[in-house]
1. Mind listing whichever residues of region B:1-44 are part of a loop (DSSP other than H, G, I, E, B) and farther than 18 Å from B:GLN222 by Cβ?
2. Can you find, within region A:245-294, the residue that is farthest from the other protein chains (Cβ to nearest Cβ) among those that are at pLDDT below 85 and part of a helix (DSSP H, G or I)?
3. Provide a single number: the residues in region B:237-262 that are in a loop (DSSP other than H, G, I, E, B) and either more than 38 Å from the chain's Cα centre (by Cα) or not basic (Lys, Arg) (or both).
4. How many residues does region A:205-234 contain that are within 14 Å of chain B (Cβ to nearest Cβ), open to solvent by less than 10 Å² (accessible area, probe 1.4 Å) and of a type outside the set (A, V, I, L, M, F, W, C)?
5. Which fully enclosed helices (runs of 4 or more DSSP H) of region A:142-244 have 2 or more residues being at pLDDT below 80 and over 30 Å from A:PHE310 (Cβ atoms)?
6. Hey, among B:SER119, B:SER82, B:SER102, which residue is within 25 Å of the chain's Cα centre (by Cα) and hydroxyl-bearing (Ser, Thr, Tyr)?
7. Let me spell it out: the conditions are (1) away from every other protein chain (no Cβ under 14 Å); (2) in contact (Cβ under 8 Å) with a residue 40 or more places away in the chain; (3) open to solvent by 30 Å² or more (accessible area, probe 1.4 Å), and A:GLU237 meets all of them except one. Which number is the exception?
8. Is it fair to say B:LYS22 is at pLDDT below 90 and open to solvent by 10 Å² or more (accessible area, probe 1.4 Å)?
Amino acid sequence: MRFSIFWVMFLSLLRDRGALISSFVMPATVFIIFAVIFSGTTGGSISVKVSIFDELNTIQSKRFTNVLFQQDGIRRISQPSATQETVRRLVAQGIADVGILIRQGEEAADPPPFQIIADPSREISVLIFEGALRSAYGRAFPEFNLETIARTIEKDIFPFSREQKIRLDQTLETMRNSETVETDSGSGSQEPQLQRVNVVGDPDVQTGITYYAGAVAILFLLFSSVNGAMSLLEEKELGLLDRLATGPGGTRIIVDGKMLFLVIQGFIQVTIIFLVAWLAFDIDLPGNLGPWSLITLVCSFSSSGLALAFTLLCSTKQQAQTTANIVILVISAIGGSMVPRFLMPEWIQTLGWLTPNTWALEAYGAIFWRGDTIDAIALPCAILFAVGIAGLLCAYSLAGQTRIKSG
Amino acid sequence: MLKKNKATLIVKNAEFNYGNKKILDRVSVDIFPGEILVLLGPNGAGKSTLVKAITGRVQLQSGQISVNGANPADSATARKQSGLVPQQLAIFNKLSPLENLSVFGHVMGLKRRETRTKSAQLIEALGLQDVKDVRSERLSGGMKRRVNIGAALMHDPKLLILDEPTVGLDFDAQRNLHKLLRWLKHRNLAILLTTHDMEEAEQLADRVAIIVRGKIHDVGRQQDLIHKNFGEHQEIYIKFREGVVQRLTPDQRVRLQQLNLQPGNNRNSFVGLVSMNDSMTIVRELISDNALTEDFRLHQPGLETLLENYLRAE
């Protein structure tokens with residue numbers, strides 16, 4: 001008897017392609033995606049994108065630059081005309097994770113002071129970069145170590161003879177002018193002069209709050225939109241869709257009505273998240289109300305359009321529910337709703353631009369973190385709006401096809 | 001008398017194929033105001049597709065459909081002329097009857113005031129006053145069916161299409177629904193009804209259209225169709241007592257074969273169509289002896305026999 005029940009379940013699973021994929025293929029797929037994303041966050045394969053301006057432009061600074069970018073995980077981003085402003089702008093826009101300015105010391109022989117241009121929301125990148133910089137510094141400027149040691153010996157142990165001094169100066173001069181680095185030059189004990197400048201972020205707001213307000217908002221927008229859009233499938237099963245479709249407006253008014261509801265529902269949902277972020281975490285919502293409203297509206301529009309199209313591609317509510325959970329989790333992981341994008345491997349970051357999450361995060365980050373003007377949100381908003389329109393048109397078409405197929 | 005008016009629905013040579021399969025094969029049918037036309041056919045005969053074509057949800061490959069002079073597939077005005085009552089309870093369960101009617105009124109393009117007036121009228125006409133504000137999910141099956149029909153009447157359609165409206169209803173609810181349909185018919189509505197319930201069809205139909213494999217085989221008043229197909233023949237049912245069949249004389253067996261009676265639903269019963277003369281013979285030769293028969297019925301063929309006849313012919 002027990003075996004009969006087992007047999008029924010076994011055959012049911014075997015004959016349900018969707019359930020088979022959900023049970024055995026999707027878990028492994030989701031694991032691979034999450035493993036790739038999260039392995040990046042542990043630092044193993046993280047790549048820090050660095051923008052650099054070498055004000056010094058000497059043999060030594062060039063040597064340092066070469067050593068710095070030879071290190072694992074430190075990647076120089078291409079920048080046609082480097083200036084201090086370019087570096088600051090690239091970091092502020094999030095194109096570079098961190099910036100470095102190599103500046104002129106007070107005297108020519110002094111070690112160069114470095115200015116690190118940082119985005120506090122990418123603190124992990126800044127710390128990794130600082131470590132790499134120190135290591136590169138020791139290897140790139142061995143003469144500073146030698147000079148320091150020699151001065152200490154001369155001052156505290158015994159004075160050098162004239163001949164020794166000449167040989168020391170010659171050695172130091174040779175080291176200064178060398179373009180190459182000895183592999184065994186070591187990390188050295190001389191500490192570089194570092195100055196850190198944050199170019200973005202509100203000092204009153206904790207790092208990450210603005211990021212996760214947007215990240216959670218778009219994640220839940222997608223979930224609630226799909227849940228709302230699934231009423232279409234319920235109505236189809238009940239025959240309501242057929243009945244409503246016989247009205248003068250046809251299926252289009254049904255899709256329009258659902259879209260309107262989902263957009264308003266989504267807007268209210270995101271409003272609640274940001275109200276909490278404002279009241280509890282000091283995000284400057286009142287100061288950015290206009291741009292925030294625009295971003296929230298297009299995010300809601302985009303997720304609603306996508307949800308309607310997605311739902312109409314499914315035949316049953318169960319199928320939509322299962323698939324939606326998987327799809328939303330995956331695109332949210334790739335898009336940065338779970339882990340900050342800059343921590344992900346480069347190719348996943350690139351893939352992220354195909355998700356609404358990334359564009360939403362880009363837009364919210366622009367106004368709340370980077371303090372950009374409304375111009376900065378024009379592209380993300382235009383793309384999210386276009387995605388919403390595409391979803392809506394697709395939903396019109398699919399609803400129309402449902403009409404014909406049901407015959 | 002009905003045909004003095006202009007037909008509300010005219011379907012002419014309607015053809016619809018799905019892939020290589022012919023779903024509707026040159027279907028022609030019409031319905032006049034104040035008439036109930038019952039569409040009879042087995043599952044997969046094309047009834048639902050015809051209904052979808054009439055409501056504009058399927059575009060025909062050829063042929064014409066007009067509801068009050070306009071094609072519902074192209075014209076919103078034509079779609080507004082018909083009201084569809086699907087087989088399922090296609091209403092919003094979380095809404096009350098009054099709210100449901102309002103929603104359907106708005107969807108069909110009624111203005112707010114019209115919707116309010118019309119829904120109030122229908123609530124009264126459908127006998128839903130006491131439950132008008134109760135959530136539909138809490139109503140009985142019969143009440144829900146009324147709301148289901150009311151939703152299709154909100155925009156004052158000229159043609160009402162009902163797809164199996166009494167499925168799952170108890171006798172009382174079914175009788176009330178029939179009463180409602182007759183009332184609607186007297187309000188000059190053209191009604192197209194698809195049903196599997198032959199008794200319901202016989203009670204309600206002014207005319208019957210028989211559809212089998214996408215083809216309308218016959219349309220007409222049921223008496224005319226029955227007369228046309230069976231003439232003066234009667235439907236006969238004989239059930240012999242246990243063991244009698246085995247003990248029939250050779251003459252009696254030959255007689256049964258000549259009458260072309262078919263085995264019935266058990267080994268002792270026979271059914272068939274017989275002429276008046278033959279029925280007299282049977283009565284004389286077989287039935288007069290009460291010791292032989294347990295049950296005997298002779299009656300005019302009905303729609304079920306008619307449909308079976310067409311199915312056999314196919």
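The values are calculated or read from the model by the stated rules, or taken from the named source; none is laboratory data. Source: prediction; values computed, not measured. Because the Cβ atoms are built from the backbone with ideal geometry, glycine has one as well, and the counts that use them run over all protein chains shown. For accessibility, only protein heavy atoms count, side chains too; no ligands or nucleic acids. Shrake-Rupley method; radii C 1.70, N 1.55, O 1.52, S 1.80 Å.
1. The first filter runs over region B:1-44 and keeps only residues part of a loop (DSSP other than H, G, I, E, B), leaving B:1, B:5-8, B:19-20, B:32-35, B:41-44.
Within region B:1-44, B:ASN5, B:LYS6, B:ALA7, B:THR8, B:GLY19, B:ASN20, B:PRO33, B:ASN43, B:GLY44 meet the criteria.
2. A:PHE281
3. Taking region B:237-262 as the starting set, the residues that turn out to be in a loop (DSSP other than H, G, I, E, B) are B:241-243, B:248-249, B:259-261.
Pick out the ones that are also either more than 38 Å from the chain's Cα centre (by Cα) or not basic (Lys, Arg) (or both) and you get B:242-243, B:248-249, B:259-261.
Count: 7.
4. 0
5. A:142-156, A:162-177
6. Values: B:SER119 fails: within 25 Å of the chain's Cα centre (by Cα); B:SER102 fails: within 25 Å of the chain's Cα centre (by Cα).
Only one candidate qualifies: B:SER82.
7. (1)
8. Details: at pLDDT below 90: yes; open to solvent by 10 Å² or more (accessible area, probe 1.4 Å): yes.
Yes.
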